[in-house]
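Q: I have a structure here, written as C-alpha cells, and I will follow up with some questions on it.
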Amino acid sequence: MSSLFDFGKRYENTYQTAPLSFLGQKKNMLKVFFRVLEKYFKIDDDMVFLDLFGGSGLLSHHLKCRYPNNRVIWNDFDNYAERLKPERIKILKEIQAFANELLKQHKQKEPLSKAEKDELLNFIAQYPQDKVDFIQLSSWFCFSGQPFDNFEPFKRACKYMQLTNKNLQTQGYLDGVERVSGDYRLIYEKFKNEKLFVVADPPYLQTMNDTYKQHFTLGDFLELNDILMKIDKWILFSSERSDIKPFLEWQNKTFKLNQKYHYHRAHLGSSGRGGLDMIIWKE
C-alpha cells in the first residue's frame, strides 16, 4: 500500500496523455492547471478533489499523483473505464500489431489503398464488435478527427495511416482514484458535505460536444453555475467561444455579487486554436 501512495515513485510514472484517445482531454493544460492550483489555493490533506466531468480521468490521475494523501473522485460519466479493460486492450494491441505490419511501408497520414483498407477491415471484423474500441481506431485510421463508436461509420471513414508503434499502457493509470458514474448534479449531492475542491470540465457551450454521452445544454451549465456558487474552492474549464467571461461579469452586476474571478487563457500550440481554452477560478 505504501508504494502506491509514494509521491516520488508515482509522479515519475505519470501519463502525459490519457492511455486511449478521448476528445477534450486536458493534456495541453496540465501545466497551467497545476500552476493555478498551487499558486492560488491551499490544499489540506483532508480536502476531497471531485472531478465532476471526469472524461478520460487524466486530471484525476495527475491530482492523485500530485496529492497522494487526498481523496480523488472521478466521475466517469462516459464510461471510459470500460475501454481500459484488459480484454479490450488486448484486442487493440492485436489490431495495432497487424496494421503496423500491413502498413509498414506507409508514412504518417498517407492514404490506404483499397486492398489495404479491405484487409484491415476484414481483420477488425473478426472480433466481437462490442469489444472493439472504435474511438481509438478512429484516431489511428480516420483523418477527420471525428471519433466513431461503431463499425459502420468507422468503416466509411477509415482512410489514412496515423498509427504509431507506441505500446498501449494502462498500468497504474487510475490507482488510488475513486470511480463513480452519474449525472454531475447527483454526484455533487452525494459528496457535497465533504471538504470539496471541485474540478469542472464540462462540454463547452457553443462548441462541438456531440461526441459526449450527454448533450450539455445552457440549462445544464446554469445548474452547474449554481453549484459553483455554493462552494469556495473550484476550477472551471471553459472556452472563449462559450462567452463565459461576459456571463460571469453580467451575473456579478445583475445580482450585485461582487465576486472576483480570475481567467487564464491556454495557448494550445500551432493547431490554430491557441487562446480558446480558459481556466477560471474564484478569489
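The values are calculated or read from the model by the stated rules, or taken from the named source; none is laboratory data. Treat the numbers as computed from the prediction; the structure is a model and nothing was measured. Here Cβ is always computed from backbone atoms with ideal geometry, including for glycine, and neighbour counts include all displayed protein chains. Surface accessibility is based on the protein's heavy atoms, side chains included, excluding ligands, DNA and RNA. Shrake-Rupley method; radii C 1.70, N 1.55, O 1.52, S 1.80 Å.
Q: Going 7 Å from the Cα of residue 265 in the Cα-to-Cβ direction, what parts of the stretch 17-48 have a backbone nitrogen less than 19 Å from that spot?
A: 28-33, 36
Q: Further question on the same structure: For 106, 215, give the ranking by accessible area with the largest first, probe 1.4 Å. Don't skip to the answer; put the middle values down first.
A: Numbers: 106 40, 215 120 Å².
The ordering from most to least exposed comes out as 215, 106.
Q: Further question on the same structure: Using a 1.4 angstrom probe, figure out how much accessible area the stretch 165-259 has per residue, in square angstrom, rounded to the nearest whole. It would help to have the intermediate numbers written out before the result.
A: Working: 5480 Å² over 95 residues.
For the stretch 165-259, the solvent-accessible area averages 58 Å² per residue.
Q: While we're looking at this one, here's another question. Given a 1.4 angstrom probe, I'd like the percentage of the accessible area of the stretch 29-118 that is carbon and sulfur, rounded to a whole number.
A: Its accessible area is 53 percent carbon and sulfur atoms.
Q: To the nearest 10 square angstrom, what accessible area does residue 109 show with a 1.4 Å probe?
A: Answer for residue 109: close to 120 Å² accessible.
Q: For the stretch 51-104, which trypsin sites (Lys or Arg not before Pro) are in a loop by DSSP, counting at most 16 other Cβ atoms within 10 Å?
A: For trypsin sites (Lys or Arg not before Pro) across the stretch 51-104 that sit outside H, G, I, E and B with at most 16 neighbouring Cβ atoms in 10 Å, the list reads 104.
Q: May I ask you to derive the FRET efficiency for residue 170 and residue 109 from their Cβ-Cβ distance with R0 = 25 Å, giving the value to the nearest 0.05?
A: Approximately 0.40, to the nearest 0.05.
Q: Could I ask something else about it? In debye to the nearest 20, how big a dipole does the chain give about its Cα centre with +1 on each Lys and Arg Cβ and -1 on each Asp and Glu Cβ? Walk me through the intermediate numbers first.
A: Values: 42 positive and 37 negative charges, 148 e Å.
Charge dipole, the chain, about its Cα centre: 720 debye, nearest 20.
Q: Could you pull out the chymotrypsin sites (Phe, Trp or Tyr not before Pro) across the stretch 11-70 that fall in loop regions by DSSP (anything but H, G, I, E, B) with no more than 15 other Cβ atoms inside 10 Å?
A: Passing both the DSSP loop test and the Cβ count: 41.
Q: Still on this structure: Pop the C-beta distance of residue 195 and residue 87 into the FRET formula with R0 = 35 Å and round what comes out to the nearest 0.05.
A: On the way: r = 38 Å, r/R0 = 1.09.
Once rounded, the FRET efficiency stands at 0.35.
Q: What whole-number volume per residue, in cubic angstrom, does the convex hull of the C-alpha atoms of the chain give?
A: Values: hull volume 40.5 nm³, N = 283.
Considering the Cα atoms of the chain, their hull volume per residue is 143 Å³.
Q: Moving on to the next point. Contour minus end-to-end for residue 185 and residue 39, with contour as 0.36 nm per residue of separation and end-to-end as the Cα-Cα distance? Kindly include the intermediate steps, with their values, before the conclusion.
A: Numbers: separation 146, 0.36 × 146 = 52.56 nm, distance 2.86 nm.
Extra length available between residue 185 and residue 39 comes to 49.7 nm.
Q: Percent of accessible area on the stretch 151-264 owned by carbon and sulfur, 1.4 Å probe? Mind showing how you got there, number by number?
A: Details: 3150 of 6480 Å².
Carbon with sulfur: 49 percent of the solvent-accessible area.
Q: Using Cα atoms only, what is the angle between the long axis of helix 30-40 and the major principal axis of the chain, expressed in degrees (0 to 90) to the nearest 10?
A: The angle comes out at about 10 degrees.
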